[in-house]
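Q: Encoded as structure tokens, here's the structure I'll be asking about.
The values are calculated or read from the model by the stated rules, or taken from the named source; none is laboratory data. The model shown is predicted, which means the values in this text are computed figures rather than measured ones. Positions of Cβ are backbone-derived with ideal geometry, glycine not excepted, and every protein chain shown enters the neighbour counts. With ligands, DNA and RNA removed, areas are computed over all heavy atoms of the protein, side chains included. Shrake-Rupley method; radii C 1.70, N 1.55, O 1.52, S 1.80 Å.
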Amino acid sequence: CDDDMDNDVTTNQNVTVNDESSSSSGIVTDVSDTDDPSSMDFELEIKPDDYVQDNEFSDMYTFKSTGLLPGNDDAARKVMLTQDLFTIGETDGLLYRITIPRAKRERRVKSLERQVCLPTKYQFYIVDLIHRTLCHPSTERLYLTLKERYYSRNMFNLCDSIAKTCSDCQLCKRDSAQ
């Protein structure tokens with residue numbers, strides 16, 4: 001876990017894991033752990049073009065940036081019904097999902113939360129990196145931590161599969177089913 005804490009995760013727009021004062025554009029991650037293929041040396045940055053190519057967010061991003069609806073009636077209906085939940089960042093061009101805190105006390109402190117929409121190609125890498133950086137939390141803890149800053153339709157399922165297939169978690173944690 002000590003060498004996982006050395007991973008440098010920087011982002012901007014209040015979507016940071018370790019360093020909230022970073023001024024880089026998008027989400028940048030430098031991973032330097034070579035014993036896992038999901039975290040080889042690379043630099044990862046979410047760009048606006050990633051949303052256009054993504055299956056999950058392409059229709060919404062295209063509508064929010066250009067005003068064009070998809071040709072499919074079902075997809076167009078879905079975009080129109082959920083368009084108020086999404087916005088594009090003015091400075092970075094990233095797609096954000098806007099949520100209102102459910103608890104009354106949280107609404108007094110902050111009225112809106114902005115979650116960065118994670119394109120499909122980055123979801124596994126970011127969730128896996130955060131899972132290892134935070135010293136292997138359980139599915140629920142990992143999900144609750146991620147959902148404050150990131151959005152994806154299958155975020156809980158992804159957190160569950162990463163926590164259940166993590167070799168370190170399997171070796172070190174007790175099985176609660178016994």
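Q: Of the residues LEU112, LEU94, LEU158, which single one is of a type outside the set (S, T, N, Q), out of contact with any Ser or Thr (no Cβ under 6 Å at 6 or more places or on another chain), free of Cβ contacts under 8 Å to residues at least 40 places away in the same chain and under 30 Å from GLY67 (Cβ atoms)?
A: On the way: LEU94 fails: free of Cβ contacts under 8 Å to residues at least 40 places away in the same chain; LEU158 fails: under 30 Å from GLY67 (Cβ atoms).
Just a single option satisfies the conditions, and that option is LEU112.
Q: Is it the case that VAL9 is in a loop (DSSP other than H, G, I, E, B), at pLDDT below 95 and within 17 Å of TYR125 (Cβ to Cβ)?
A: no
Q: Here are some residues: ARG102, ARG107, ARG114, ARG141. Which one is modelled with pLDDT of 90 or more, more than 30 Å from GLN170 (Cβ to Cβ) and of a type outside the set (A, V, I, L, M)?
A: Step by step, each of ARG102, ARG107, ARG114, ARG141 is checked, and only ARG114 is modelled with pLDDT of 90 or more, more than 30 Å from GLN170 (Cβ to Cβ) and of a type outside the set (A, V, I, L, M).
Q: So, one more: Can you report the number of residues in region 110-134 which are under 19 Å from TYR61 (Cβ atoms), surrounded by 20 or more Cβ atoms within 10 Å (Cβ to Cβ) and more than 11 Å from the chain's Cα centre (by Cα)?
A: Matching residues across region 110-134 total 0.
Q: Please verify whether SER65 is under 17 Å from ILE46 (Cβ atoms), open to solvent by 50 Å² or more (accessible area, probe 1.4 Å), in contact with a helix residue (DSSP H, G or I) (Cβ under 8 Å, 6 or more places away or on another chain) and at pLDDT 90 or above, treating the condition exactly as stated.
A: Yes, satisfied.
Q: Then there's this: Kindly indicate which of GLU90, GLU140 is closer than 20 Å to ASP50 by Cβ, among the acidic types (Asp, Glu) and either part of a strand (DSSP E or B) or open to solvent by 70 Å² or more (accessible area, probe 1.4 Å) (or both).
A: Matching residue, one of GLU90, GLU140: GLU90.
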